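Inspection log for the structure reproduced underneath, given as structure tokens.
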Amino acid sequence: MSSATPLSAHFDADRALDLARKTIDIEAAALIGLKTRLGDDFGRAMSAILRCTGRVVVMGMGKSGHVGRKIAATLASTGTPAFFVHPAEASHGDLGMVAPGDVVLAISNSGEANELTAILPAIRRIGVTLVAMTGRRDSTLAQHADIVLDSAVDAEACPLNLAPTASTTAQMALGDALAVALLDARGFREEDFARSHPGGSLGRKLLTHVRDVMRSGDDVPRVAPGTPFVDMMREMTQKGLGATAITDPQGKVLGIFTDGDLRRGIESGRDLRALSAAEVMHTQPRTIRPDVLAVEAADLMEAHRITSVLVVDHQGVLVGALNFNDLMRAKVI
């Protein structure tokens, strides 16, 4: 059972707000201090990781371990292969995941976490580059390391100066700084980021092409120029695109007829039933190629205030079609 004092009716909201602001002030000051200490060791750590022929293996215990997992994930998603190994598990076999050519990034504010210091000699024997992220340059971890990244803070934000708060904020920021500097040095681009985030919105925008979301084959509404108006409307209704292409015998697009064209035709008072597809179609419709990004189709629709677009090959032959709803279902927009 917890020995913590239960919430009482005398809770002081003003005091809580004051502590919250002080916490942010302390952590902000820790980051400013971290910024002023960045120097040659940061560059050496970057060089070691860029030269690495293996992977970056991140280690840490407790709160530093949680930070380490996030740093490993950020590195991996921004072009630096990395993974996290728990120091305690490393003592029981997981150290086999570390291989020559790797860089080990060991995180510990005190530099004296027992589970971590116990495996340092073994790590050194593997022949990896050991980078320490610690708040104490005289610690056991720092003494074993090839490179030391100083993450020291003047005080924790915790009123008792016990719970890791400002120190973990500094570790997180230092890890982010490494990841950002590395991705820049590697020439990492949006397309590279998308490849490692295929399930995210950016991945869908940068990896999904028109051919991936377009309707094709019999699902594409199309009629010949001489098709009677009523038959053309039947084709539109059956295919549910809100438009139909008008094509020549070779499949080249001659025009398009849309729901909007229908409304405008009715408003004009014309007897549409007596006309053919060629007489009501809109010539020179907006088209797009199947190999372009689907997000470009969305931009085309928005720019020209249309809801459907025909997909053609380099010879102008109809190969597909899509509308706004197709892009929404694919979560491109």
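The values are calculated or read from the model by the stated rules, or taken from the named source; none is laboratory data. Computed from a predicted structure; not experimentally measured. Don't worry about glycine lacking a Cβ; one is built from the backbone with ideal geometry, like all the others, and counts go over all protein chains shown. Side chains are part of the model used for accessible areas, which takes the heavy atoms of the whole protein and leaves out ligands, DNA and RNA. Shrake-Rupley method; radii C 1.70, N 1.55, O 1.52, S 1.80 Å.
Taking only the alpha carbons of the stretch 220-322, we obtain Rg and Dmax values of 13.3, 41 Å in that order. With the whole protein complex present, Lys22 retains an accessible surface near 110 Å², based on a 1.4 Å probe.
Spherically averaged projected area of the convex hull of Cα atoms, the chain: 28.0 nm². Looking at the chain, the DSSP beta bridges with both ends there are about 40 percent antiparallel.
If R0 equals 51 Å, the separation of the Cβ atoms of Arg286 and Asp138 corresponds to a calculated FRET efficiency of about 0.15. Can you give me the Cα centroid spacing of the stretch 92-164 and the stretch 261-300 in angstrom? Each part reduced to its Cα centre gives a spacing of 65 Å. Distances between every pair of Cα atoms in the stretch 1-144, grouped in 10 Å steps from 0 to the bin holding the largest one, split as 10, 34, 29, 15, 10, 2 percent.
For the chain, the mean residue ellipticity at 222 nm estimated from helices alone is -13000 deg cm²/dmol, where every DSSP H run of n ≥ 4 contributes -39500 (n - 2.57) and the total is divided by all residues, rounded to the nearest 500. Met328 contributes an accessible area of around 100 Å² to the protein surface, as traced by a 1.4 Å probe with all chains present.
Of the residues Met301, Met172, Met61, the one that moves most in a GNM of the chain with alpha-carbon contacts below 10 Å is Met301.
Using only the heavy atoms of the protein chains and a 1.4 Å probe, how would Leu38, Leu19, Leu174, Leu275 rank by accessible area, largest first? Provide the component values of the computation, followed by the final result.
Values: Leu38 85, Leu19 60, Leu174 5, Leu275 35 Å².
If we order Leu38, Leu19, Leu174, Leu275 from most to least accessible, we get Leu38, Leu19, Leu275, Leu174.
The solvent-accessible area of Ser110, taken with every protein chain present and a 1.4 Å probe, is close to 50 Å². Ranking Ile126, Ile256 by solvent-accessible area of protein heavy atoms (1.4 Å probe, all protein chains present), from largest to smallest, gives Ile126, Ile256. Would you please state which residues of the stretch 208-230 a label at Ser268 would reach in this model, taking the label point 7 Å out along Cα→Cβ and a backbone N cut-off of under 20 Å? Residues 223-230 qualify, since their backbone N sits under 20 Å from the label point.
Structural descriptor for the chain: relative contact order 13 percent, calculated from alpha carbon pairs under 8 angstrom and at least 6 residues apart. In a reduced charge model with +1 at each Lys and Arg Cβ and -1 at each Asp and Glu Cβ, the chain shows a dipole moment near 360 debye about its Cα centre. Remark: the stretch 220-291 carries a charge dipole of roughly 120 debye about the Cα centre, counting +1 on each Lys and Arg Cβ and -1 on each Asp and Glu Cβ. Candidates Leu130, Thr287, Thr208 compared by Cα position along the dipole of the chain: farthest toward the positive end lies Thr287, with charges placed on Cβ.
Taking a 1.4 Å probe, which of Asp154, Asp102 shows the most accessible area, and what order do the others take after it?
Numbers: Asp154 165, Asp102 15 Å².
My answer, sorted largest first, is Asp154, Asp102.
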